[in-house]
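Heads up: the structure comes next, in C-alpha cells.
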Amino acid sequence: MLTAMTLQALAAQAGLDLVGVAPAGPTPQITAYQDWLAAGYAGEMTYLARPDAIAKRADPRRILPEARSVLVVGASYGREAPPAALAPLHGRVSRYAWGEDYHRWLLQRLKRLVGALQAQLGDFPARCYVDTGPVLERAWAQIAGLGWIGKHSCLIHPRWGSYLFLGVALLGTELPVTPLPALPDCGACTRCLDACPTGALVAPGVVDARRCLSYLTIEHRGALPPTLREHLGTSVFGCDRCQEACPWNAQRPPVAEPAPSTAQLYLPDLLQLDADAFRARFRHSPLWRATPEGLARNAAVVLGNLGDGAARSFLEAASRAHPSPVVREHAAWALARLA
C-alpha cells in the first residue's frame, strides 16, 4: 500500500515541490469554465472551446477510460530575486519565462514520478500533461489539496504562494486520496484586483483574457488595442502584477538564486530578430510562444512607453523597414509617444 509519506518522498526525488491525489471523476469546476467561455473571455483561444476538448475537460475519464486517480504535482518558480532595476531600453519578462520552457522539464519530472509509482505498484496506463492537454489543472490541484484558487485565478499554496507550475497525470490505478487540508483563503484582500492596470480581473477568480496583458503580449496575434498599449508599461512578455501584489507571494521560501539575464531583454534586439535568429535564441524558452512578430510588436510598444529618446533611431528603422506591417504600425505609435 502506497502511503502519503512515500508519495511525497518520491515526488521530492523527482524534483517536485508539491503532490496530491484526487479520485478520477467529473470535474467540479466545469460549469464555471463553460460560463467563462460563453462570456467570450477566452479571446482568440478558440481551441479551448472545441466541443471535444470541453467534453474531456468535463471528465478526464473521457481521455483515459481506465483512469482511477488524478495525480497533481507542483513546482515553484519563485526562488529567484527579481532584478533590482530595469536597464536602459530593456523590457520586463514574466517570471515564469526566465528559464527553460517548463513544459519540457516539468513533464520529464512528472513522468519520472509516474515511473517510480509503476515500479512500486506494477504497470498501469497513464497520461501526463503540463498545460498541453484538455485538463483543468488548477481545478484538480485544488481538489487534490495543493491549495486554493486566488482572486487572481492562480492556485495559491500557503507556503509556496502562487508562483507554481502544475502538472497532471491520469492514472489507471487507485492511489490514496489526499485529505483536503484546512486552508486559508484570500478573505477580504483585493490587492491583485486593484493591481491589474486594465481591469482584466472582472470578478474574483475570473480573467477576461482580452484585457489581460499576459494574453495580449503572448497569445494575441496582430495589432494590440490602442487603448491598452500604454498599460503594458515595461512588460515585453507576460505580466506578474497581480501575483506581485499577492501577500502570499511575500511569504514564499527565501530566495536562493538571483534572477537570470532573461528576466529583462534589450528591446532594440527584439525589433531586429528574423525568424532564424528568433529560433536560435528562444526555441527552448517560453518566449517562443510570442512569435518574432509578436515580440517585436511588444518591444516597440514598451520602447514608446519608456519615453527614452535613445530608442528613436531603432523605432524609426522599424517603422520604415520591418517586414511586418503590424510591427511598423506599433513602431510608428511608439515614435508618436516619444514626440
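Here is how the numbers come out for the structure above:
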{"item": "Residue, farthest from L171 (Cα to Cα), within region 44-71, restricted to residues that are touching a Phe, Trp or Tyr at 6+ places or on another chain (Cβ under 9 Å) and small (G, A, S)", "result": "A53"}
{"item": "Which listed residue is out of contact with any Pro (no Cβ under 9 Å at 6 or more places or on another chain) and surrounded by fewer than 17 Cβ atoms within 10 Å (Cβ to Cβ), from A331, A339, A290", "result": "A339"}
{"item": "Of all residues in region 85-123 being of a type outside the set (A, V, I, L, M) and assigned to a strand (DSSP E or B), the one that is farthest from I218 (Cα to Cα)", "result": "H90"}
{"item": "Qualifying residue in region 24-33 (condition: small (G, A, S), in a loop (DSSP other than H, G, I, E, B) and modelled with pLDDT of 95 or more)", "result": "yes"}
{"item": "Subset of region 197-219 [surrounded by fewer than 21 Cβ atoms within 10 Å (Cβ to Cβ) and at negative phi]", "result": "P197, T198, V202, A203, P204, V206, D208, A209, R210, S214, E219"}
{"item": "Residue within region 61-68 that is loosely packed, with under 13 Cβ neighbours inside 10 Å and over 30 Å from C239 (Cβ atoms) present", "result": "yes"}
{"item": "A42 being assigned by TED's automatic domain parsing to the domain that holds H157, touching a strand residue (DSSP E or B) at 6+ places or on another chain (Cβ under 6 Å) and surrounded by 19 or more Cβ atoms within 10 Å (Cβ to Cβ)", "result": "no"}
{"item": "Residue tally, condition part of a helix (DSSP H, G or I) and free of Cβ contacts under 8 Å to residues at least 24 places away in the same chain, over region 270-291", "result": "8"}
{"item": "Tabulated pairs, region 303-329, first acidic (D, E), second part of a loop (DSSP other than H, G, I, E, B), C-beta under 8 angstrom, 6+ apart or interchain", "result": "D308/P88; D308/L89; E329/A223"}
{"item": "Answer residue from region 45-65, given it is in a loop (DSSP other than H, G, I, E, B) and out of contact with any strand residue (DSSP E or B) (no Cβ under 7 Å at 6 or more places or on another chain) and is nearest to S214 (Cα to Cα) among those", "result": "M45"}
{"item": "Residue within region 77-92 that is assigned by TED's automatic domain parsing to the domain that holds P158, under 21 Å from C128 (Cα atoms) and in contact with a strand residue (DSSP E or B) (Cβ under 7 Å, 6 or more places away or on another chain) present", "result": "yes"}
{"item": "Residue list for region 201-254, restricted to those being part of a loop (DSSP other than H, G, I, E, B) and among the aliphatic types (A, V, I, L, M)", "result": "A223, L224"}
{"item": "Residue in region 88-110 that is loosely packed, with under 14 Cβ neighbours inside 10 Å, more than 21 Å from the chain's Cα centre (by Cα) and free of Cβ contacts under 8 Å to residues at least 40 places away in the same chain present", "result": "no"}
{"item": "D208 being under 30 Å from A336 (Cβ atoms) and touching a Phe, Trp or Tyr at 6+ places or on another chain (Cβ under 8 Å)", "result": "yes"}
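The values are calculated or read from the model by the stated rules, or taken from the named source; none is laboratory data. On a predicted model such as this, the values are computed, not experimentally measured, just so you know. Cβ: placed from backbone, ideal geometry, glycine included. Neighbour counts: every protein chain shown.
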